[in-house]
Amino acid sequence: MKTIDAYFDFGSPNAYLAWRVLPGIAQRTGATIRYHPVLLGGIFKATGNQPPLMTFGHVSSKLDYTQREMHRFMERHKITEFTFNPHFPVNTLLMMRMAVAAQEDNQLDAFMSAGFHHMWEDPKNMGDRDTAIAALTASGLDGAQLAERASGMSIKKKLITLTEAAIERGLFGLPSHFVGEEHYFGKDTLWEVEEALSR
């Protein structure tokens, strides 16, 4: 079976954009997507990497180009719902712990739809517990239960374990995808993901 291992954190706008494109790739290639929640901040800390705004914040032309490149990507894939989150960067620790709980409850697809919607389509400060609970509940999930489960030690440890496993696999940033053991970093390599699955 052809499989895409897709690693994500709601705090990454590029992870959102990749998430929008991946289902089409899976449909065209007959592949299955396996989503892996990880903590991007933990990956940065462990690998010494930094978010683009920190790395290139002093290079205005680089930031301008990055914004233009995102716009071209959205035009190419007809993504019209994206709205930059005014609270960026958002602390996603709670959201990623809830994602682990949702995955255990076989609700990850619905949780990802709601999480990405409230982060990058109808943006809110999803790092605030009350805001996150209300937004997820409005999307048909039990936000309070997910938040309660996210506070449990087993969920906290599992997110750490998943993040460490991703780092061991070679992740240094998001979005990251694997086809077999081949690593593809960034939304701009999605065409390579599709090409690899089509071979």
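A few remarks follow.
- As a proxy for reagent exposure, 162, 39 were ordered by neighbouring Cβ count within 10 angstrom, fewest first; the result is 162, 39.
- Principal axis dimensions, the chain - Cα atoms, whole angstrom, descending: 43, 41, 33
- Counting neighbouring beta carbons within 10 Å and listing from fewest to most, the residues 105, 9, 130 come out as 130, 105, 9.
- Helix-only [θ]222 nm of the chain, DSSP H runs n ≥ 4, -39500 (n - 2.57) each, per residue, nearest 500: -17500 deg cm²/dmol
- Cα centroid separation, region 175-199 to region 1-25 (Å): 10
- The GNM of the chain, with springs linking C-alpha atoms under 10 angstrom apart, assigns the highest mean-square fluctuation among 74, 96, 119 to 74.
- Neighbour counting of Cβ atoms within 10 Å sorts the residues 79, 155, fewest neighbours leading, into 79, 155.
All of the numbers you see were taken from the coordinates with simple rules; none came from a lab. No experiment lies behind these values; they were computed from the predicted model shown. Positions of Cβ are generated from backbone atoms using ideal geometry, with glycine treated the same way; all protein chains shown enter the neighbour counts.
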